[in-house]
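Note sheet for the following structure.
The values are calculated or read from the model by the stated rules, or taken from the named source; none is laboratory data. Predicted model only: the values in this text are computed from it and were never measured. Every residue, glycine among them, receives a Cβ derived from its backbone with ideal geometry; neighbour counts consider all protein chains shown.
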Amino acid sequence: MEGHELLGKMDKVKAPADFDEGAFTKLGEARRARVRRQAAFRYAFAGSAAVLLIGFVLLNVHVVNTRAVADKGPSEALANQTSFSGRAGDGAPRTYLPVLETVDYSNEFRNVSNQPQTVYILEQVSEVRPTEIKY
Amino acid sequence: MDEQELIRRVQDGDERAFAQIMALYKDKIVNYLYQFTGDYQKAVELSQETFVRVYFKADKYRPIAPLSSWIYTIASNLAKTEAKRAKRMATVSIDEVVNHYSAGTYYEDPADPGLTRNLREALKTLHPRYRVPVVLKDMEGFSQEEIARIIKRPVGTVKARISRGREQLKKQLEKALEGKGYPAKQEVNENGRA
């Protein structure tokens with residue numbers, strides 16, 4: 001007799017008498033765990049959303065302040081300043097330091113000649129690669 | 001009340017319908033998981049877990065397949081997960097190894113307790129991939145089409161797995177008969193090699 005034929009003849013077992021009670025107990029535990037998991041998920045979701053919202057608001061406040069100062073222009077911004085370490089005239093914290101610098105372009109044109117410029121056109125005249133000469 | 005009506009009620013949270021489904025299938029599922037694991041206590045726990053999942057996943061059931069196939073699918077998945085977990089946790093004592101060497105046990109008489117032990121040990125050495133279809137076919141009496149539905153594989157794959165599983169089972173039993181015993185926790189891997 002083959003092994004697999006013998007398998008069918010092996011003893012069968014039945015569920016114990018208290019099977020249903022055990023299953024319902026597990027069902028209750030699983031239900032409670034599910035409720036706990038859902039609550040934890042809700043809190044985690046709400047927390048993540050709150051963090052994102054706060055981040056968004058802070059970023060926006062920063063962007064709005066920067067834009068407001070930029071719109072006023074450097075001269076107005078400078079005029080509003082009381083000192084380099086103080087606050088701006090309207091009481092808001094200063095968000096940038098204007099730097100006024102003169103630009104000297106004289107060196108940029110020093111080497112420019114009055115003579116017409118020579119243009120060299122480089123052209124490849126042969127496809128043949130130079131080879132070693134054999135004697 | 002037919003099974004489809006019962007599961008519809010379970011989907012609505014009816015615990016009495018759930019109890020009825022459990023009454024219909026508990027013995028079959030306990031027996032199936034017992035044949036799979038060889039451990040009655042574990043089989044009962046896994047069966048209860050199976051029914052808990054039936055309750056919570058009832059809304060995922062679609063009446064394209066019989067309810068029994070769906071319940072056996074859940075039980076099989078749990079059994080496979082348990083087998084993997086047990087394999088990770090497995091520790092082998094010297095005594096256990098000695099006990100597995102049941103030299104010279106006859107396996108022609110189904111009433112022989114040695115045979116039962118040999119069969120169970122031989123079954124345990126099968127990879128769950130082969131053990132599930134062999135148990136469903138040879139112990140639970142499912143057709144190959146039903147097994148294909150349960151393990152969600154084509155019928156050709158089921159046939160091949162049953163054939164390979166039986167072949168492995170035969171080899172293991174022959175080893176036991178020759179007195180070589182079982183390679184204690186040496187499970188036949190998914191390619192059919194030890």
Out of (1) modelled with pLDDT of 90 or more; (2) closer than 16 Å to residue B:123 by Cβ, the one residue B:61 does not meet is (2)
For the stretch B:150-158, indicate whether the set of residues that are under 17 Å from the mean Cα position of the chain (by Cα), modelled with pLDDT of 90 or more and under 20 Å from residue B:34 (Cβ atoms) is non-empty. yes
Taking residue B:25 as the residue in question, decide whether it is at pLDDT 90 or above, within 13 Å of the chain's Cα centre (by Cα) and part of a helix (DSSP H, G or I). no
Cβ-Cβ under 6 Å pairs, at least 6 apart or on other chains, the stretch A:3-28 side within 20 Å of residue B:163 (Cβ to Cβ), far side part of a helix (DSSP H, G or I) and among the acidic types (Asp, Glu): A:4/B:138; A:7/B:138; A:8/B:138
Kindly indicate the residue of the stretch B:142-181 that is in contact (Cβ under 8 Å) with a residue 12 or more places away in the chain and of a type in the set (Gly, Ala, Ser) and also surrounded by the fewest Cβ atoms within 10 Å (Cβ to Cβ) among those meeting that condition. B:179
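Mind counting the residues in the stretch A:16-71 that are within 14 Å of chain B (Cβ to nearest Cβ), part of a helix (DSSP H, G or I) and among the aliphatic types (A, V, I, L, M)? Working first, answer last.
Going residue by residue through the stretch A:16-71, those that are within 14 Å of chain B (Cβ to nearest Cβ) are A:16-35, A:37-38.
Still in the list and also part of a helix (DSSP H, G or I): A:19-35, A:37-38.
When the remaining residues are screened for being among the aliphatic types (A, V, I, L, M), the result is A:23, A:27, A:30, A:33, A:35.
Residues in the stretch A:16-71 being within 14 Å of chain B (Cβ to nearest Cβ), part of a helix (DSSP H, G or I) and among the aliphatic types (A, V, I, L, M): 5 in total.
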Every residue from the stretch B:159-194 that is β-branched (Val, Ile, Thr) and either modelled with pLDDT of 90 or more or not assigned by TED's automatic domain parsing to the domain that holds residue B:127 (or both): B:162
Only one residue in B:43, B:17, B:65 is away from chain A (no Cβ under 11 Å), buried (at least 16 other Cβ atoms within 10 Å of the Cβ) and among the hydrophobic types (A, V, I, L, M, F, W, C). Which one? B:17
Which members of the stretch B:157-179 meet the condition of being under 15 Å from residue A:7 (Cα atoms) and polar (S, T, N, Q)? B:163, B:168, B:172
